[in-house]
Amino acid sequence: MERLQKVIAQAGITSRRKAEQLIIEGKVKVNGKVVRELGVKVTPNKDEIEVEGVPIDREEPVYYLLYKPSGVISSVSDDKGRTVVTDFLEIEQRVFPVGRLDYDTSGAILLTNDGEFANVLMHPKYKVEKVYVAKVKGIPSREKLKELQNGIKLEDGMTAPAKVKMMSLDKKKNTAIIRIVIHEGRNRQVRRMFEAIDHPVIKLKREQYSFLTLKGLNPGDARQLKPIEVKHLKELAVTKPS
């Protein structure tokens, strides 16, 4: 027997955290009865489980890397009819993004139907690095970049130390290209970090998710991860607690 939220996550419906929320909200039924307790255990092949009225079926786990274009929502649907990340994958499985990239940010994002995998990668206690390249307004001083490196105070607390490198600068246009590596996943974090040092982001791209790069992909392209890549990601997350 397994915990209900784990079974829902493994079925590819959503992450375990979101599954817990759905249970608390009374949107999950087991054998026709609403369940609101998180500790309930079920037998996946015997118990009938419904999420928001839809019976769940276990799918084979799939894992994709998408080069998200700018102007795309990191979600499975949008009530305003805007393009979402799942629109770029023509597959049978119901996948969802691992974390999110801002609407205006392009770059590497993972999509999967493996809720356990997604939950581990997004958990704050694991240090999965993400590499961003930002074009910013103005040319930050060494002191300003040092602030980012050491951790900077945002409205939701101090950021963890970051790796920061000036890639290039354009004195005529008064802009700079900065490479920044973080392992946190707060909302609009990189943009807020640069705003905090008075150098707002003009353009932002996530070039790398852990060891996965965008090599060979154009905006809107996706590729399925190799089994060895999935294995390596799981090992990285589990073996690097903070």
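The values are calculated or read from the model by the stated rules, or taken from the named source; none is laboratory data. Treat the numbers as computed from the prediction; the structure is a model and nothing was measured. As a convention, Cβ positions derive from the backbone with ideal geometry for all residues, glycine included, and neighbour counts pool all protein chains shown. Only protein heavy atoms, including side chains, enter the accessible area calculation; ligands, DNA and RNA are left aside. Shrake-Rupley method; radii C 1.70, N 1.55, O 1.52, S 1.80 Å.
Within the option set Ile56, Ile13, being within 26 Å of Thr86 (Cα to Cα) and out of contact with any Lys or Arg (no Cβ under 9 Å at 6 or more places or on another chain) holds for one residue only, Ile56.
There is no residue in region 160-177 that is over 28 Å from Leu214 (Cα atoms) and touching a residue at least 40 places away in the same chain (Cβ under 8 Å). Restricting region 109-150 to residues that are part of a loop (DSSP other than H, G, I, E, B) and under 21 Å from the mean Cα position of the chain (by Cα), the residue that is nearest to Ser70 (Cα to Cα) is Glu129.
Look at region 26-51: where a residue is in contact (Cβ under 8 Å) with a residue 40 or more places away in the chain and a partner is in a loop (DSSP other than H, G, I, E, B) and open to solvent by less than 40 Å² (accessible area, probe 1.4 Å), sitting 6+ places away or on another chain with Cβ atoms under 6 Å, you get Ile49/Ile56. Within region 104-122, count every residue that is touching a Lys or Arg at 6+ places or on another chain (Cβ under 8 Å), modelled with pLDDT under 95 and either hydroxyl-bearing (Ser, Thr, Tyr) or over 21 Å from Leu22 (Cα atoms) (or both). Count: 0.
Within region 92-108, the residues that satisfy the criterion of being among the charged types (D, E, K, R), touching a helix residue (DSSP H, G or I) at 6+ places or on another chain (Cβ under 9 Å) and either open to solvent by 60 Å² or more (accessible area, probe 1.4 Å) or not in a loop (DSSP other than H, G, I, E, B) (or both) are Arg94, Arg100, Asp104. Could you list all residues from region 8-39 that are hydrophobic (A, V, I, L, M, F, W, C) and either in contact with a Ser or Thr (Cβ under 9 Å, 6 or more places away or on another chain) or open to solvent by 40 Å² or more (accessible area, probe 1.4 Å) (or both)? Residues satisfying the conditions are Ile8, Ala9, Ile13, Leu22, Ile24, Val34, Leu38.
For region 75-85, the candidate set comprises residues that are polar (S, T, N, Q) and at pLDDT below 95; within that set, the residue that is nearest to Val201 (Cα to Cα) is Ser75.
For Gly71, the conditions (1) within 23 Å of Ser210 (Cβ to Cβ); (2) under 17 Å from the mean Cα position of the chain (by Cα); (3) open to solvent by 10 Å² or more (accessible area, probe 1.4 Å); (4) without any contact (Cβ under 8 Å) to a residue 40 or more places away in the chain all hold with the exception of (1). If you check Thr83 against the conditions, is it hydroxyl-bearing (Ser, Thr, Tyr), open to solvent by less than 80 Å² (accessible area, probe 1.4 Å), out of contact with any strand residue (DSSP E or B) (no Cβ under 6 Å at 6 or more places or on another chain) and under 29 Å from Lys135 (Cβ atoms)? Considered against the rule, which asks whether it is hydroxyl-bearing (Ser, Thr, Tyr), open to solvent by less than 80 Å² (accessible area, probe 1.4 Å), out of contact with any strand residue (DSSP E or B) (no Cβ under 6 Å at 6 or more places or on another chain) and under 29 Å from Lys135 (Cβ atoms), Thr83 comes out as yes. The set of residues in region 120-171 that are farther than 18 Å from Asp198 by Cα, in contact with a strand residue (DSSP E or B) (Cβ under 7 Å, 6 or more places away or on another chain) and of a type in the set (Lys, Arg) comprises Lys125, Lys130, Lys163. Scanning region 55-73 for residues that are at pLDDT 95 or above and not aliphatic (A, V, I, L, M) yields Tyr63, Tyr64, Tyr67, Lys68, Pro69, Ser70, Gly71.
Here region 42-54 is the region considered, the condition is being assigned to a loop (DSSP other than H, G, I, E, B) and surrounded by 14 or more Cβ atoms within 10 Å (Cβ to Cβ), and the residue that is modelled with the lowest pLDDT is Pro44.
The set of residues in region 68-91 being in a loop (DSSP other than H, G, I, E, B), more than 15 Å from Arg223 (Cα to Cα) and of a type outside the set (Ser, Thr, Tyr) consists of Gly71, Val72, Val76, Asp78, Asp79, Lys80, Gly81, Arg82.
Within region 133-155, if we keep just the residues that are of a type in the set (D, E, K, R) and over 16 Å from Ile182 (Cα atoms), the residue that is most open to solvent (accessible area, probe 1.4 Å) turns out to be Arg142.
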